[in-house]
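To keep things clear, I will list the structure first and then write my remarks on it.
The values are calculated or read from the model by the stated rules, or taken from the named source; none is laboratory data. These numbers were taken from a predicted model, which means no experiment stands behind them. Backbone-built Cβ (ideal geometry, glycine too); neighbour counts: all protein chains shown. Heads up: the accessible areas ignore ligands, DNA and RNA and are worked out on the full protein's heavy atoms, side chains in. Shrake-Rupley method; radii C 1.70, N 1.55, O 1.52, S 1.80 Å.
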Amino acid sequence: MNATKTTISLCMIVKDEADHLAGCLNSVKEVADEIIIVDTGSHDNTISIAKSFGAKLYYHEWEDNFAIPRNISIEHASGKWILMLDADEQLEQESQAEVRKLTGNHDVLGYRVLIQLHPEWTEMRSVRLFRNIPEMRFAGVYHEELQVTEDKRQSFVDTGVKITHKPFSPEDFDRKYERNVTMLKKHIGQYPKSIYQMLDLIRIYLETNALSEAETILRRVYQLISKEKLIEKEYKFYLINYYMYKLKFLYKNNADSKTMLSICEDALLVSPLCPLFLFEAAQLLYKLQSYEQAIDYFQKCLAFRNDNNFDRSVMFPKEMIGTKALSGLGYCYFRMHQYDQANQFFKESYALKQDDNIKAMISASRLLAQRPQA
């Protein structure tokens, strides 16, 4: 840490994070000029680990509200810039120099970085580096959001800085289920137009098959999106996420393929560069035996394999723009009796990820391609 000039303050809130905190702090020790940690009631070795890194420690009793300790950490920061991390996150080594460089830009108020929640999924964007000015503070009980006036939003810039998050496990979900649902309901009660939190509650309800509850909130979200005066970026983000959860809801209710395809098509009108809906549309078209159209959508998915210029409004498995899109093409050509093309795509898919089903399709398409023509 730089003791002569404080430029970047790492601000964190923690509770019982002894398993993760050292890894987090090690990842930023060459970047953060000071470490501010607000502890909300740890009973493990979190405090001693924080002290070993020279952190400035403050204590605040947990109030079922993430914004309160988040803002307390910022109030104690002396740096010109605030870097936000959770204890189960780490700044990638390749991004350290870039973080330092970014703080030298005088025309920017903050930066959106890439958050990798799971190594097999695409990243999401989130503001984690921003200027330490009094008017920028967090609000909200759960999924607290940095409050930025509309005239300042253009001063936030996307970057390639990457933060990796410890992958969530089923045990994590079960352990935090009651707390998360309770806090989301509390937040929505206090902020009844909080679309982001409603979307996350829908996600939880769908994962636990509480379909009636999910349907009720889906209706509320769509009404808010339709009626509220949202800036274009927010409108697009919320609508794409609404379509994603609507599609999942329809899948769980065994809706017909044409109905689900219409959701994909509506989503692609809003965001033509959203691979999730391109892939889902391709899958549905395959089920409807519209193979040539399915091929077109699978090919569009593959176009993003080496191009990160896609809409990050929703996260999705990377396989959708890789091995699954390739195998999808294989199946389409197989159904069209074009076995040489099918074999080619099956082999490309298998090269990326070995799968016994695809291996069987390689053999089948090869044999059929060699079969004498009638």
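Return yes or no: is Phe168 open to solvent by 30 Å² or more (accessible area, probe 1.4 Å) and part of a helix (DSSP H, G or I)? No.
To keep it simple, each residue is scored yes or no on (1) within 24 Å of the chain's Cα centre (by Cα); (2) in contact (Cβ under 8 Å) with a residue 60 or more places away in the chain.
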position	(1), (2)
Glu63	no, no
Phe66	yes, yes
Glu75	no, no
Gln90	yes, yes
Val113	yes, no
Gln116	yes, no
Trp121	yes, yes
Arg131	yes, no
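The range 41-137 holds strands (runs of 3 or more DSSP E) entirely within its bounds, and those carrying 1 or more residues that are under 30 Å from Gly189 (Cβ atoms) and open to solvent by less than 10 Å² (accessible area, probe 1.4 Å) map to 81-84, 89-91, 110-116, 124-131.
When the range 7-26 is examined, which residues are found to be open to solvent by 10 Å² or more (accessible area, probe 1.4 Å), small (Gly, Ala, Ser) and either closer than 22 Å to Val99 by Cα or modelled with pLDDT under 95 (or both)? Even if it seems obvious, please write down each step before you answer.
Quick first cut of the range 7-26, residues open to solvent by 10 Å² or more (accessible area, probe 1.4 Å) only: 7, 13, 15-20, 22-23, 26.
Those left that are additionally small (Gly, Ala, Ser): 18, 22-23.
Correct list: Ala22, Gly23.
Take the conditions (1) more than 25 Å from Arg220 (Cα to Cα); (2) polar (S, T, N, Q); (3) touching a helix residue (DSSP H, G or I) at 6+ places or on another chain (Cβ under 8 Å); Ser290 misses just one of them, which is (3). So for the range 297-315 (the condition being farther than 27 Å from Arg125 by Cα and touching a helix residue (DSSP H, G or I) at 6+ places or on another chain (Cβ under 9 Å)), does at least one residue qualify? No, there is no match, as no residue in the range 297-315 is farther than 27 Å from Arg125 by Cα and touching a helix residue (DSSP H, G or I) at 6+ places or on another chain (Cβ under 9 Å).
When you check Leu85 against the structure, is it free of Cβ contacts under 8 Å to residues at least 60 places away in the same chain and in contact with a strand residue (DSSP E or B) (Cβ under 9 Å, 6 or more places away or on another chain), yes or no? Please lay out each step first, then the result.
Details: free of Cβ contacts under 8 Å to residues at least 60 places away in the same chain: no; in contact with a strand residue (DSSP E or B) (Cβ under 9 Å, 6 or more places away or on another chain): yes.
Against the criterion (free of Cβ contacts under 8 Å to residues at least 60 places away in the same chain and in contact with a strand residue (DSSP E or B) (Cβ under 9 Å, 6 or more places away or on another chain)), Leu85 does not qualify.
Each residue in the range 237-271 was checked for being open to solvent by less than 50 Å² (accessible area, probe 1.4 Å), more than 17 Å from the chain's Cα centre (by Cα) and within 20 Å of Trp121 (Cβ to Cβ), and 3 of them qualify.
Entry remark, the range 272-284: residues being among the aliphatic types (A, V, I, L, M) and open to solvent by 50 Å² or more (accessible area, probe 1.4 Å) number 1 in total.
Has the range 133-150 got any residue that is more than 24 Å from Pro69 (Cα to Cα) and hydroxyl-bearing (Ser, Thr, Tyr)? First the steps, then the outcome.
First pass over the range 133-150, keeping only residues more than 24 Å from Pro69 (Cα to Cα): 150.
In the following step, the residues that additionally are hydroxyl-bearing (Ser, Thr, Tyr) were identified as none.
Within the range 133-150, not a single residue is more than 24 Å from Pro69 (Cα to Cα) and hydroxyl-bearing (Ser, Thr, Tyr).
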